[in-house]
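Q: I have a structure here, written as structure tokens, and I will follow up with some questions on it.
The values are calculated or read from the model by the stated rules, or taken from the named source; none is laboratory data. The structure displayed is predicted, hence computed values, not measured ones. No Cβ is skipped: glycine too gets one built from the backbone with ideal geometry, and neighbour counts run over all protein chains shown.
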Amino acid sequence: MVNPVLLIALPLLLAFVSIVFKAYKNNLLVFGTLLNAGLVLTLNKGQYIIGGFQPPFGINLVLDDFALTGILIINGLFLVITLMSLEKLEGFASVLLVALAGLNGLVLTGDLFNLFVFLEITAITAYILSSASKEYRYAFNYLVLGTLGSGLYLFGLIVLYAVFGTLNMADLSVKMAAVDASQLVLPSLLIFIGLAVEVKILPFNGWVKGVYSGTNSLVGPLFASVYAAGMLFVFGRIFAQVIPLGTYLRTSLVVLGALTLLAGEVAALSKTRIREILLYSSIGQSGLIAALFLSGLVFVAVMQLVNNALSKAILFTVAGQMADSTGTDEGEELQGAFLEHKIAGVGFTIAALSLIGLPLFYGFISKMNLLFGIFYSDNYWLPVVILLGTVIEGTYMVRLLVKLWTPGDEGIVSEKAFATERPLTIQSSKVMGIVVLSVVLLIGGLLPAVIQDNLTDSGSLLDEVTPAYLFDLKGGQ
Amino acid sequence: MTFDIVVILMFLGAFSAYLISKASLKAGAYATTVFSLGALAVLLMGRSEIGSEFSVLFMNFEVTVIGWYFSGVMVLVYAMTSFFNSFWMDKMMYPGSYNFLYLFSLAGTLGLFFASDLITLFIFWEVVVWSSTFIIPMGKSRRAAVVYYTISSIGSMATLYGIMLVYRISGTLVIQEAFVPLKEDPLTATVVFVIFVMAGLTKIGIFPFHIWLPLAHGSAPHTFSPVLSGGLVKMGAFIAYMSVAILPAYEAFEGSLKIMGIPLQLYFLMILGAISIVLGTLMAIKQEDAKKLIAYSSVANGGYILIGILMMDQLSFAGSMMHLFNHAIASAAAFLAIAVVAYRTGTTKISELGGMIHRMPLTYLTYLIAIISLAGIPPMGGFVSKWLIIQGLADRGLMFMALAAFFGSIGSFLYVFRPLAAVFLGQLKPEHEHLKSEPLMMKIPMVILMVLILYFGVLPKWLLGIIGEIQVAAGIEPVMMSGNTILAVNGVLNTLNVFMIFGFGFLISLIIFLLMQKSRRVGLMDTYTSAEFIYTPELYHYAGAFYAPFERLYQNHPSVEKFLGAIAWKFHELGTVVNALFFSHKPAVTVFWTSVILVMITLGGAGI
């Protein structure tokens, strides 16, 4: 039986080795990510005790369906994104290995303080990676706000420890459930804000604008899909399973999530640079997924999270590549950019349509399920916000797609001659990665059972919080 | 051959058309013709299989009479237009993708009309929307595609909310069962009705959602405008039919306030339909571009169709169903005629054209017959359907609607005459002296459409028979015919007699024409003004400001475009405000907001 701690320990070990054998660090990175992705497939569910102390006294790793889905997505996407950008690593190989360890640890750990440690590790790698854009000021801002977040998280943790005397998640959730939730507003809120900085909830996400808008084709997809997925999985773990929220706090935070969705989409509408559009869309999606987790709709939140992670990996790869090779990601400058890159263009289009939630793509299945879920929790205002967000998202995405496919001014028939003359290049490794990811989105949209069955398990453990109203796609059951 | 194979084959056909286009563009374009004609043949032959049910993947279908009728109309328009595709292959930005999306959207409409559950319905609705969204920007305008998508998506998202609400209440998505519990609850039924019908309104182009039509129809590729205007708009009528007939609205709103026997909810929509008729007519009169003109006439005709469907009675409903068919083929024929002109001359601006009858007489005849039908003049199909609609309205005493319908008919004389006079009649421009006649492949669909328009205007029995079946299926009295006479409460209409009278009149004028002295052709530039020669042919064109005195009557009209544009701009501004408030490059701003949230939520929590 494989111990999941290897997922954390091996990349860390390889990271240290890679510092000694600098010449081989890229090979070590590929080896590490492949190894991790392979290991994920051999894991068995269960609780793994680290260090020999029984929980709640010692540290343990919890590998339930939720965590398994999490590490599957994180390691899978990490592998694809790394392989797509091997020539672009710029000496980040060791950092990436540490990041992989940290992200796996985040999702696997069953202890709140251990989680803090992994949060810090992951955040430090993120600060380093964000300096790849050479915009050190934004990286520094991220550092300041990230530190603020983890400080508040730690503060909340201390309060909880002082009250309940435990930091084990399972133990703490039992003990907290026994107390009136209105007594726990402050520590819950502190932990929320601590995580919200990384999850990109309004108004704690001031760093996103600077950091995401300068990302290259490696860092962009890593941040927007892998880091975002990891942080959202932690968020879901804490707020759907560990910390019970009172009605008041739950409602306020769901409203905050919904506002994040709207603010993100509206801000994206007013932007013209591709990466800026995408970063605000990421903020919106994070708000949506967080609102779903907070409403206790874990299963559909995971579905939407997967959709967002897959789509954003494609979108940011292409956008980053555009910026890397042409020096701009201004939509107006890149009219007709897909004319010479049809496969990447089709992948980009599929990702964008899936993100909007249009049928035949996986995003449609997840959007239907999440709407059914919200309606069945008798919430009638959140769907209005989500559908409004969808209209706005569709508008700016279609505007962008139309521009990238069909060049030409208004009133003139679109022609090849109007296409941008900037030299866009997309390496074949990237094209292959994009094809793989978009095929997954297509399969998920046409044969939802394939992804559905794998994901259903991640909800089953949480059946108490997730009412079982899965959209069974048989015309209603 | 069954319908499930058709739906699957059409989707596969779309992919194969793309692959064939990679080998040869012309062959790919002909593939669209072969596949859509095949679908048409199967539909016509498979009429006996109405009522069959099938499932594909997770989607469920049932072939109903109305679904069969709508898909027949749609496939006919697609098939006729597809003859034109091959001529634009070398002008198109992405010809292969165009062929693919062309068949893909057709397959989507088939799935939509056969859907037996609400999710399947919604899936295909969205499939058609996004596939057609990517065809439009290959034409003259990128903005048109975005506006089209946004307006469509406002409608479809509202409908999706309605679907979810229905599912929450009734626990089923099967179309025939889902709405049943609503009959007991008029308030919820009103909410569901209003939001469910939204997708229909946006698609038909009912005021105030009409703004996408002139933009998209006017600037889409010439081969796609006929499909947009003749075909895809009819999807909206299908949703409108569902909201009235399947809900069923008249039963659910039995207890609500009624105006002339029409529940207020429906009456309100009828008023929107009437506004669309008036507005579409007035705006069409103003247009300088032939395609935009027909697009606005589609807005007006959409108003007729909506009002007729909402009536759910013996006459108006039958008229509306028939008008749907008549408008589909007439508007497709008119757009195709303009496409021929655009193919040969490269422009659709009225003032740059003229005298086309001398170079392409068949196109002129097609356009003439199409617009006579659009305007509702006998002996064309459009007359029969408009007559039925007005009969029904007058019978119920709905004078406001009837007036609008009447105004629309009279007004359409004004706007259809102008392209006829200015594009096809009048003087041929010197640069058009050497134009060639229309190619054979363009003649085929135009002749077919012409024959259909005339045939169903004279002998509408077969068509009205199917419409009668639809009416029986919807639980209303079917339209009655004896021989070639349509029986209505306030009078009868014998279409054959009407045709005879017109035919007789035509014969007499033909005799006079032949007996009279033959006219002598004078070249456009063969003239002078105050002893000055003019060398710019445009100045001799009389189409500019054709109806200036009439247009002056409403030149300062309020514009809903401006209003909607202002709303869109407000969203844009909101984005900038949000950006300035929350997304700052200064960490201090974030720290400030964090403290605010922390204090506010904690204080609020302490108060509880």
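Q: Limited to region A:328-360, what total is found for residues that are within 25 Å of the chain's Cα centre (by Cα) and either part of a helix (DSSP H, G or I) or at the interface with chain B (Cβ under 10 Å from one of its Cβ atoms) (or both)?
A: So the count comes out to 19.
Q: From A:V306, A:V318, A:V302, which residue is part of a helix (DSSP H, G or I) and more than 15 Å from A:P221 (Cα to Cα)?
A: Details: A:V306 fails: more than 15 Å from A:P221 (Cα to Cα); A:V318 fails: more than 15 Å from A:P221 (Cα to Cα).
Answer to the selection: A:V302.
Q: Based on this model, can you work out whether B:F84 counts as farther than 24 Å from B:S225 by Cα, touching a Ser or Thr at 6+ places or on another chain (Cβ under 8 Å) and either outside the structural domain of B:A318 (by TED's automatic domain parsing) or in contact (Cβ under 8 Å) with a residue 24 or more places away in the chain (or both)?
A: No.
Q: Let me ask something else. What tally of residues in region A:29-56 results from selecting those that are among the aromatic types (F, W, Y) and either over 26 Å from the mean Cα position of the chain (by Cα) or farther than 12 Å from A:V2 by Cα (or both)? Before the answer, list the steps.
A: Going residue by residue through region A:29-56, those that are among the aromatic types (F, W, Y) are A:31, A:48, A:53.
If we keep only those that are either over 26 Å from the mean Cα position of the chain (by Cα) or farther than 12 Å from A:V2 by Cα (or both) as well, we get A:31, A:53.
Number of matching residues: 2.
Q: Of the residues B:V416, B:V341, B:V384, which is within 20 Å of the chain's Cα centre (by Cα) and modelled with pLDDT of 85 or more? Before you say what the answer is, go through the steps one by one.
A: Numbers: B:V416 fails: modelled with pLDDT of 85 or more; B:V341 fails: within 20 Å of the chain's Cα centre (by Cα).
Checking each option against the conditions leaves just B:V384.
Q: Then there is this: Wholly within region B:103-206, which helices (runs of 4 or more DSSP H) include no fewer than the required count, namely at least 3 residues that are away from chain A (no Cβ under 11 Å)?
A: Working: elements: B:118-133, B:142-170, B:175-178, B:186-196, B:198-204.
By residue number, B:186-196, B:198-204.
Q: What pairs come out if I take residues in region A:358-370 that are under 26 Å from A:L294 (Cβ atoms) and pair them with residues that are assigned to a loop (DSSP other than H, G, I, E, B) and among the aliphatic types (A, V, I, L, M) whose C-beta lies under 7 Å away, six or more apart or interchain?
A: Pairs found: A:F364/A:L358; A:N369/A:L470; A:L370/A:L297.
Q: Residues of region A:122-143 being of a type in the set (A, V, I, L, M, F, W, C) and within 17 Å of the chain's Cα centre (by Cα), which ones? It would help to see each step written out before you state the result.
A: In the first step, residues of region A:122-143 are kept if they are of a type in the set (A, V, I, L, M, F, W, C); the result is A:123-124, A:126, A:128-129, A:132, A:139-140, A:143.
A:A123, A:A126, A:L129, listed by residue number.
Q: When you look at A:S286, is it more than 14 Å from every other protein chain (Cβ to nearest Cβ), small (G, A, S) and closer than 29 Å to A:L97 by Cα, yes or no?
A: On the way: more than 14 Å from every other protein chain (Cβ to nearest Cβ): no; small (G, A, S): yes; closer than 29 Å to A:L97 by Cα: yes.
Judged against the criteria, A:S286 is not a match.
Q: In this structure, is A:K430 away from chain B (no Cβ under 11 Å), over 29 Å from B:G346 (Cα atoms) and either part of a helix (DSSP H, G or I) or acidic (D, E) (or both)?
A: On the way: away from chain B (no Cβ under 11 Å): yes; over 29 Å from B:G346 (Cα atoms): yes; either part of a helix (DSSP H, G or I) or acidic (D, E) (or both): yes.
In short, yes.
Q: Quickly run through region A:36-53 and pick out the residues that are part of a helix (DSSP H, G or I) and surrounded by fewer than 16 Cβ atoms within 10 Å (Cβ to Cβ).
A: Taking region A:36-53 first, the residues part of a helix (DSSP H, G or I) are A:36-42.
A:G38, A:L41, A:T42 - these are the residues of region A:36-53 that are part of a helix (DSSP H, G or I) and surrounded by fewer than 16 Cβ atoms within 10 Å (Cβ to Cβ).
Q: Restricting to region A:103-148, give me the number of residues that are within 23 Å of B:P587 (Cβ to Cβ) and part of a helix (DSSP H, G or I). So that I can check it myself, show each step before the final result.
A: Quick first cut of region A:103-148, residues within 23 Å of B:P587 (Cβ to Cβ) only: A:116, A:119-148.
Imposing the further condition that a residue be part of a helix (DSSP H, G or I) reduces the set to A:116, A:119-133, A:136-148.
Within region A:103-148, residues that are within 23 Å of B:P587 (Cβ to Cβ) and part of a helix (DSSP H, G or I) number 29.
Q: Let me ask you something else. Let me confirm something: among B:M92, B:M157, B:M74, which residue is farther than 29 Å from B:R47 by Cβ and touching a Ser or Thr at 6+ places or on another chain (Cβ under 8 Å)?
A: Details: B:M92 fails: touching a Ser or Thr at 6+ places or on another chain (Cβ under 8 Å); B:M74 fails: farther than 29 Å from B:R47 by Cβ.
From the options B:M92, B:M157, B:M74, the qualifying one is B:M157.
Q: Right, another one. A:A229 passes all but one of (1) in a helix (DSSP H, G or I); (2) aliphatic (A, V, I, L, M); (3) within 14 Å of another protein chain (Cβ to nearest Cβ); which number fails?
A: A:A229 satisfies every listed condition except (3).
Q: Further, regarding this structure: Being touching a residue at least 40 places away in the same chain (Cβ under 8 Å) and within 10 Å of chain B (Cβ to nearest Cβ) is the filter; apply it to region A:371-388 and report the residue that is surrounded by the most Cβ atoms within 10 Å (Cβ to Cβ).
A: Taking the candidates together, the pick is A:I386.
Q: Could you check region B:1-25 and list, in sequence order, the residues that are buried (at least 16 other Cβ atoms within 10 Å of the Cβ) and under 20 Å from B:F84 (Cα atoms)?
A: The answer is B:M10, B:G13, B:A14, B:S16, B:A17, B:Y18, B:I20, B:S21, B:L25.
Q: Of the conditions (1) more than 30 Å from B:M242 (Cα to Cα); (2) surrounded by fewer than 24 Cβ atoms within 10 Å (Cβ to Cβ); (3) out of contact with any His (no Cβ under 9 Å at 6 or more places or on another chain), B:L40 clears all except one; give me its number.
A: (1)
Q: In region A:389-421, which residues are within 8 Å of chain B (Cβ to nearest Cβ) and surrounded by fewer than 17 Cβ atoms within 10 Å (Cβ to Cβ)? Write out each step before concluding.
A: The initial filter retains those residues of region A:389-421 that are within 8 Å of chain B (Cβ to nearest Cβ), namely A:390-392, A:394-395, A:398-399, A:401-403, A:405-406, A:408, A:410-416.
Selection gives A:E410, A:G411, A:I412, A:E415, A:K416.
Q: Please determine, by comparing only the residues of region A:254-279 that are in a helix (DSSP H, G or I) and at the interface with chain B (Cβ under 8 Å from one of its Cβ atoms), which one is farthest from A:G210 (Cα to Cα). Before the answer, list the steps.
A: Let us first name the residues in region A:254-279 that are in a helix (DSSP H, G or I), namely A:254-269, A:274-279.
Next cut, at the interface with chain B (Cβ under 8 Å from one of its Cβ atoms) only: A:256, A:263, A:266-269.
Details: A:L256: 22, A:A263: 17, A:V266: 18, A:A267: 14, A:A268: 14, A:L269: 18 Å.
Among them, the one singled out is A:L256.
Q: Could you tell me whether any residue of region B:282-301 is more than 19 Å from the chain's Cα centre (by Cα) and in contact (Cβ under 8 Å) with a residue 40 or more places away in the chain?
A: In the first step, residues of region B:282-301 are kept if they are more than 19 Å from the chain's Cα centre (by Cα); the result is B:286, B:288.
Retained after the next criterion (residues that are in contact (Cβ under 8 Å) with a residue 40 or more places away in the chain): B:286, B:288.
Yes, the conditions are met somewhere in region B:282-301.
Q: Among what's in region A:173-217 and is within 30 Å of A:E90 (Cβ to Cβ) and not in a helix (DSSP H, G or I), pick the residue that is nearest to the other protein chains (Cβ to nearest Cβ).
A: Taking region A:173-217 first, the residues within 30 Å of A:E90 (Cβ to Cβ) are A:195, A:197-200, A:204-217.
When the remaining residues are screened for being not in a helix (DSSP H, G or I), the result is A:200, A:204-205, A:213-217.
Numbers: A:K200: 11, A:F204: 6, A:N205: 7, A:S213: 10, A:G214: 12, A:T215: 16, A:N216: 20, A:S217: 23 Å.
It comes out as A:F204.
Q: Since A:K134 meets every condition but one in (1) at negative phi; (2) more than 14 Å from chain B (Cβ to nearest Cβ), which condition does it not meet?
A: Only one criterion in (1) at negative phi; (2) more than 14 Å from chain B (Cβ to nearest Cβ) is unmet by A:K134, namely (1).
Q: Can you confirm whether A:N26 is in contact (Cβ under 8 Å) with a residue 60 or more places away in the chain, surrounded by fewer than 19 Cβ atoms within 10 Å (Cβ to Cβ) and either over 15 Å from A:T109 (Cα atoms) or within 22 Å of the chain's Cα centre (by Cα) (or both)? Lay out the reasoning, then the answer.
A: On the way: in contact (Cβ under 8 Å) with a residue 60 or more places away in the chain: yes; surrounded by fewer than 19 Cβ atoms within 10 Å (Cβ to Cβ): yes; either over 15 Å from A:T109 (Cα atoms) or within 22 Å of the chain's Cα centre (by Cα) (or both): yes.
For A:N26, the condition - in contact (Cβ under 8 Å) with a residue 60 or more places away in the chain, surrounded by fewer than 19 Cβ atoms within 10 Å (Cβ to Cβ) and either over 15 Å from A:T109 (Cα atoms) or within 22 Å of the chain's Cα centre (by Cα) (or both) - is met.
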